[in-house]
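Have a look at the structure below, then the notes.
The values are calculated or read from the model by the stated rules, or taken from the named source; none is laboratory data. A quick note: this is a predicted structure, and the numbers were derived from the prediction, not measured. Note that each Cβ is placed from the backbone with ideal geometry, even for glycine, and that neighbours are counted across all protein chains shown.
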Amino acid sequence: MAETTTEGPVENAAIAAPDLPDILMWAIPGFIILVLAEIIYGRVTGKTSYEPRDTFTSLFMGTGSNAAGILLGGIAFLYLSWLSQFALFDIGWAWWAWPAAFVLDDFAYYWAHRGGHRIRWWWAAHVIHHSSQHYNLSTALRQTWTGVFTLQFIAISSWLVLMGFPLGMIAFVKAMNLIYQFWFHTEAIRRFPPWIEAVMNTPSHHRVHHSTNPEYLDANYAGVFIVWDRMFGTFVPERDDEPCRYGIVKNLGTFNPVTVAFHEWFGMVRDVLSARSIGDAVRFVLAPPGWTPDGSRETTAMIKAKHRAAQAAITAHEAADPSAGTPANTSASAASPAE
Amino acid sequence: MFAVYILLASLAAITSLAAANAALGGWTRTRINSLESAVAELAADLVTFESDDGVVAPDGRAALAAERGGARIGLVVTQGDRYVTRLIAPGELAKATVTPSGDLVITARDITLPRVTIALKNAQTAQSWASRLIGAPPPTNTTPIETTPTGELGAQANG
């Protein structure tokens, strides 16, 4: 750790570490009350949707994620404590360090989250959060059991540690970030005023992120500030004419929490063991989800390309014959009765 | 020990919430009402899919639809108040069998939808679809398959 002095900018480092509460633990009763409130709200208004087995699985995954965090979080803490000796600065507990840590952590979260969708090793853990076909407050709690194992948390946190932010501060702002991300997992709120939607991550933006509509895939990775998506070209607004279909491109046919937790790991191991070369084995782990050597499965990029081709065919067809409807080869049709 | 109490309390809380969800209702088990609706689900999930040849279980809990111009078969099963779809290529399944009562049992290598039983109660229809699913030639010792919707028979998705 960088040496602490009492002069100049690093004077802040001399401020004693505050006794920070575990705000995530304190928030849990609030989460439970809000889930119950949303269930009742949905029952009364029909604006939100819950299914009991889906709800139980989501909440069970959240509980398991907490347990895994208790068991494995210590390893991450030990590593980050060790890493802190290489910090470039000793930023300490100055007041300005708090908002700086919060914003920089959110910036790091954006990239880690984006990686969580583009690198199968991280997706294998993150897919759990997307595996519900519902989008409600219980979905927010559907979290991975294997996040620490993927080293994604360490990847997010390491650079803040290396900059010199105290570990306690990093943990605190990370908890604030997670708490912020809870409430916007809802269909009960349509949109906020434009100036809020322009800056903050909101239910509308995050609904897009949880959707499998080709237009919405790989978008809106933000945690708190949607500006990161706007800056780095991944922002997609929710459209009223394109209702969100939630889940993953190959939805799960089970509510079994163990299958939910490990299905992608199982698939990845099976793919690696069947790989015909070391290069293919590496790509099965690090390439985007859906990658195969022969293209027999689809990545999100392939799905989006297929959708664009279908849309182009519709446009061309309409241009050639404005009175015609949708061309047959791009529409759902079923002409004959069932056998 | 404190952590164990916390986890047990959490388990009680989430069970209570799911029970409250079940007691309050507000959701309905979905069903597949027609081949058109099954194909629409497949088209939405797969971006493009069309079919004019398929079968819907009479209880609306599963459907199969052959891809037009291709050898693959779309599978739609209900999952609570939602649907789950798969596009099955010939030879992709572990097996597809027919029970003596005429149920079609699909066993996949996919742990997220390992087994689906479609209770067609018609061995001829079930055998025909089983053959198509595994990419084998259709049975030849039978009369032509009826093209009317199946009757009051059931299907069950096991996950």
Extreme residue, farthest from the other protein chains (Cβ to nearest Cβ), among residues of the range B:29-42 that are more than 24 Å from residue A:307 (Cα to Cα) and out of contact with any Asp or Glu (no Cβ under 6 Å at 6 or more places or on another chain): B:31
Members of the range A:69-94 found to be within 24 Å of the chain's Cα centre (by Cα) and free of Cβ contacts under 8 Å to residues at least 12 places away in the same chain, listed by number: A:70, A:71, A:74
Filter result for residue A:279 (assigned to a helix (DSSP H, G or I), without any contact (Cβ under 8 Å) to a residue 24 or more places away in the chain and either more than 29 Å from residue A:203 (Cβ to Cβ) or over 17 Å from the mean Cα position of the chain (by Cα) (or both)): yes
Tally of residues being buried (at least 20 other Cβ atoms within 10 Å of the Cβ) and either among the hydroxyl-bearing types (Ser, Thr, Tyr) or not in a strand (DSSP E or B) (or both) across the range B:73-83: 2
Leading residue by the ranking (surrounded by the fewest Cβ atoms within 10 Å (Cβ to Cβ)) among those in the range A:205-229 that are assigned to a helix (DSSP H, G or I) and within 14 Å of chain B (Cβ to nearest Cβ): A:215
Candidates B:70, B:74, B:80 - the one that is at pLDDT below 95 and within 25 Å of residue A:54 (Cα to Cα): B:80
Residues located in the range B:55-68, provided they are crowded, with 23+ Cβ neighbours inside 10 Å and more than 8 Å from every other protein chain (Cβ to nearest Cβ): B:57, B:61, B:62, B:64
Test: residue A:196 is within 29 Å of residue A:104 (Cβ to Cβ), modelled with pLDDT of 95 or more and surrounded by fewer than 18 Cβ atoms within 10 Å (Cβ to Cβ): yes
Search result, residues across the range A:286-310 that are farther than 21 Å from residue B:88 by Cβ and surrounded by 16 or more Cβ atoms within 10 Å (Cβ to Cβ): A:287, A:288, A:300, A:304, A:307, A:310
Unique match (being at pLDDT 95 or above and in contact with a strand residue (DSSP E or B) (Cβ under 6 Å, 6 or more places away or on another chain)) among A:205, A:210, A:185: A:210
Odd one out for residue A:44, checked against (1) modelled with pLDDT under 90; (2) in a helix (DSSP H, G or I); (3) not hydroxyl-bearing (Ser, Thr, Tyr): (1)
Selection count where residues are closer than 22 Å to residue B:87 by Cβ, surrounded by fewer than 17 Cβ atoms within 10 Å (Cβ to Cβ) and of a type outside the set (Ser, Thr, Tyr), scope the range A:267-285: 1
Selection count, the range A:244-266, where residues are assigned to a helix (DSSP H, G or I), surrounded by fewer than 20 Cβ atoms within 10 Å (Cβ to Cβ) and touching a helix residue (DSSP H, G or I) at 6+ places or on another chain (Cβ under 9 Å): 5
The listed residue being farther than 30 Å from residue A:311 by Cβ and free of Cβ contacts under 8 Å to residues at least 12 places away in the same chain, out of A:151, A:167, A:141, A:160: A:151
Every pair of residues 6+ apart whose Cβ atoms lie under 6 Å, when the first sits in the range B:1-28 and is facing another protein chain (nearest Cβ under 7 Å) and on the phi > 0 side of the Ramachandran plot while the second is assigned to a helix (DSSP H, G or I) and basic (Lys, Arg): B:26/A:43
Residues being more than 22 Å from residue A:253 (Cβ to Cβ), exposed (fewer than 14 other Cβ atoms within 10 Å of the Cβ), within 13 Å of another protein chain (Cβ to nearest Cβ) and modelled with pLDDT of 80 or more - total across the range B:92-145: 0
Residue match in the range A:124-134 (condition: within 14 Å of chain B (Cβ to nearest Cβ), among the hydroxyl-bearing types (Ser, Thr, Tyr) and crowded, with 21+ Cβ neighbours inside 10 Å): yes
Options B:52, B:45; residue that is facing another protein chain (nearest Cβ under 8 Å), free of Cβ contacts under 8 Å to residues at least 40 places away in the same chain and either in contact with a helix residue (DSSP H, G or I) (Cβ under 8 Å, 6 or more places away or on another chain) or outside any strand (DSSP E or B) (or both): B:52
